[in-house]
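The values are calculated or read from the model by the stated rules, or taken from the named source; none is laboratory data. Every value quoted in this text rests on a predicted model; they were computed, and no experiment measured them. A quick note on method: Cβ atoms are made from the backbone with ideal geometry, for glycine too, and the neighbour counts reach across all protein chains shown. Note: areas computed on protein heavy atoms with side chains; ligands, DNA, RNA excluded. Shrake-Rupley method; radii C 1.70, N 1.55, O 1.52, S 1.80 Å.
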Amino acid sequence: MGAPNAGKSTIFNALTGLRVKTGNYPGVTVGRAQGTCALPDGTAVEVEDLPGTYSLEPISIDERIVVDFLHGRLDGVGEPDAVVVVADATTLRGSLRLLAGVLTLGRPTALVLTMHDELVARGGYVDLNRLTRALGVPLVVADGRKRSGAADLVDLLADRPSWPAPVVAPPTEPEECTAWIASVLAASAYRSAHESPVTARIDRVLLHPVLGVAVFFAVMFGFFQTIFALAAPAQDAIGTGMETLATTVRDTFGDSAPVRLVSDGLLGGVGGVLVFVPQIALLFVLIAALEQVGYLSRAAFLMDRVMAMAGLEGRAFVALLSSFACAIPGIMATRTMPSARERLATMLSVPLVTCSARLPVYTLLISMLIPADAAWGGVSARGTTMFGLYVLGAVSMMVAARVATLLGGGRHVLMPFTMEMPPYRMPALRSVVVAVWLPVKGFLHKMGTVIVVSTIVLWALLNLPVQSAAELRADGVDPDDGTAVAAYTMEHSVAAGIGRAAAPVFDPLGFDWRTNVAVISSLAARETFVATMGQITAAGNPDDPARAMRDTTFDEGPRAGEKVFTSATLAALLVFFVYALQCMATIATLRRETGGWRWPLTVFGAYFAVAWAMAFLAHTVVGALA
């Protein structure tokens, strides 16, 4: 355990590697990370990474979990055998208060000191031997980023029954504890580190109220330009590979229902989502790099004033950042917010933040809307459009939070927001890899479960009822023409009936029955939209499904023969996905967090109505300009 930014999670990763399982503590949605650490004697210990906290006087849900865990008060969770407190040597005074609280519990305790090299480099000093004697507990100097000291810590864990303990526990009264901390620092000849001149110079720009905001938007703009530019080759390679594999399956095994399930359903549907893994991985690489450099803490400071305009405080920005990966960790990040009203307003608004599930949809639609070589002012038009969609989502989130705050009672006094500004550091490759692998692994798991199941169900709906050869001939379809049979079967399938039934809702937005089916399927998970369109177009033109999607036309009604995916319709789809709450897992999380169905169902209905209205506006405006 330790304070935020003390290096706790890097130490945890150094001990456990990728042998980590994540979940929630019983009864709450506070994130829980557990891992195993192999000891020299061949045995292993379970290591638990507790949420970051500055003290054992909780004001938020996750801090309460830390205290209950240390006291063994969590149902189904055993008491810890020992506690390892991680402290940043450059901010040792603050960490000693947390250590004092842990020592009063009487459990075997050790101190891991991180950033010791940085303390020395910035003119600070601490006598480690004297610090160990003053505290009365074992001490290890470690750097999780470089894995230095990890072996010493493993050896210490193996010897935990013999850890020494202080003869007299630290005092519990605040003034007496402050005096105890001062005496420990004096006994260890502790000298604070000077402010890093490099950090000070950079912060004069990055924390400036005007220049800092300009730099922030420039960083975010470059962020999305990079995602489009660097991921394109890998995406093309995966797309070509999936098309080649689908063709090979059809050529090898012929044209039958099981073969079409594999080639059109799984390879065409799931493969259409797999194409976007490089972009998602690159998204998390950039986020992890910005976080470890120390920039995201500065961004939270800059955005504190912006959050205040929405009736929120800086902790809401942490939830916003978490939601770039998924709305679920964003909702869970609100547990750090002490105000119940602000927490509810943030929870209800974070689903509008552009998550990684929207990325495949945005990429697909933007690539159809804007040519690859299009540029605005010398920069990629596709990347600029993606940046605009992320900005629209973030602004909409703050507007929704403001509305929720006003409905909840209007203005109120905001709680103080404290966040340490770590010095700028080079990202550690191992930490970046771990930070990227876990969400990408989660995305692949989701693709292998939710999206595969949805794809199989949709394939069945698109291919039932089975048409006999006589019925095909009666309607002028050659039973031996596989492509014609697939197109006819889809147009008369159960899914087509569902899509046509939804036509009164979506016709004003320019959608056809195929698009309706894809939008309805995306209510389970947004990526399913891409999978659905992938298998529909793969069945219609297995040799070039991308072209088949671009050339899709209305097959009935007054617009028969006209292209479906016009600029107006693509714009409407993009805007619809900005606002619609299309994720059953997010709705389930909201139900658990709010304690009932009232708020999740209200938000689902409200966001669907807003999505439809904004999509209709986009369709009307773009249609008039086109």
HN-Hα couplings for region 155-163 via Karplus (6.51, -1.76, 1.60; θ = phi - 60°), in whole Hz with x for Gly/Pro, come out as 4, 5, 5, 5, 9, 5, x, 9, 4
If amide H atoms are modeled at 1.01 Å from N in the peptide plane, then the residues at a separation of 5 or more from Ser148, or on another chain, having amide H under 5 Å from its own are Asp143
Between Asp117 and Ser256, the two model label points (7 Å from Cα along the beta-carbon direction) sit apart by a distance in nm of 6.2
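Can you give me the orientation-averaged projected area of the convex hull built on the Cα atoms of region 467-569, in nm²?
7.0
Please work out the average accessible area per residue across region 549-624, using the 1.4 Å probe convention, and give it in Å².
Numbers: 3460 Å² over 76 residues.
Value returned for region 549-624: 45 Å² of accessible area per residue.
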Projected convex hull area of region 28-88, Cα atoms, direction-averaged, in nm², equals 5.2
Simple SL model, points at 7 angstrom along Cα→Cβ for Ser567 and Val395; separation in nm is 2.0
When every protein chain stays in place and a 1.4 Å probe is rolled, Phe443, Phe217 sorted by accessible area with the largest first are Phe217, Phe443
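From the helices alone, meaning DSSP H stretches of at least four residues, give me the mean residue ellipticity at 222 nm for the chain, per-run term -39500 (n - 2.57), in deg cm²/dmol to the nearest 500.
Values: 30 runs with 364 residues, N = 626.
Counting only the DSSP helices, I get -18000 deg cm²/dmol.
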Packing-ranked peptide list from 399-407, 362-370, 2-10, highest mean Cβ count within 10 angstrom first, is 2-10, 362-370, 399-407
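Rounded to the nearest percent, how much of the accessible area of the chain (1.4 Å probe, protein heavy atoms only) is carbon and sulfur? Spell out each step's value before the answer.
Numbers: 17030 of 26840 Å².
Roughly 63 percent, rounded to a whole number.
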By the Cα gyration tensor axes a ≥ b ≥ c (a/c under 1.5 gives rounded; else a/b larger than b/c gives prolate, otherwise oblate), the shape of region 515-626 is oblate
Convex hull around the C-alpha positions of region 101-184: the volume in Å³ per residue is 110
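Using only C-alpha positions, report the orientation-averaged shadow area of the convex hull of region 318-469, nm², one decimal. Could the numbers behind the result be given before it?
Working: hull surface 62.9 nm².
In nm², the orientation-averaged hull projection of region 318-469 is 15.7.
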Protection proxy (average C-beta count within 10 Å per residue), highest first, orders 71-78, 111-118, 597-604 as 111-118, 597-604, 71-78
P(r) of the chain over all Cα-Cα pairs, 20 Å bins starting at 0, rounded to whole percent, reads 17, 46, 28, 9, 1
Between the alpha carbon centres of region 179-196 and region 277-322 the gap in Å comes to 32
Honestly region 150-234 on the Cα gyration tensor test (a ≥ b ≥ c root eigenvalues; a/c under 1.5 rounded, otherwise a/b vs b/c for prolate or oblate) is just oblate
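Provide the per residue accessible area, probe 1.4 Å, for region 328-388, rounded to a whole number of square angstrom. Intermediate results must be reported in sequence, preceding the final value.
Values: 1750 Å² over 61 residues.
Result: 29 Å² per residue.
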One checks the Cα atoms of region 226-334 and finds Rg and Dmax, in Å, of 20.6, 63
Result: in the chain the number of Lys pairs with C-alpha under 18 Å apart, spaced 8 or more or on different chains, is 4
Between Met309 and Trp597, the two model label points (7 Å from Cα along the beta-carbon direction) sit apart by a distance in nm of 3.8
Relative contact order in percent for the chain (Cα pairs under 8 Å, 6+ apart) equals 12
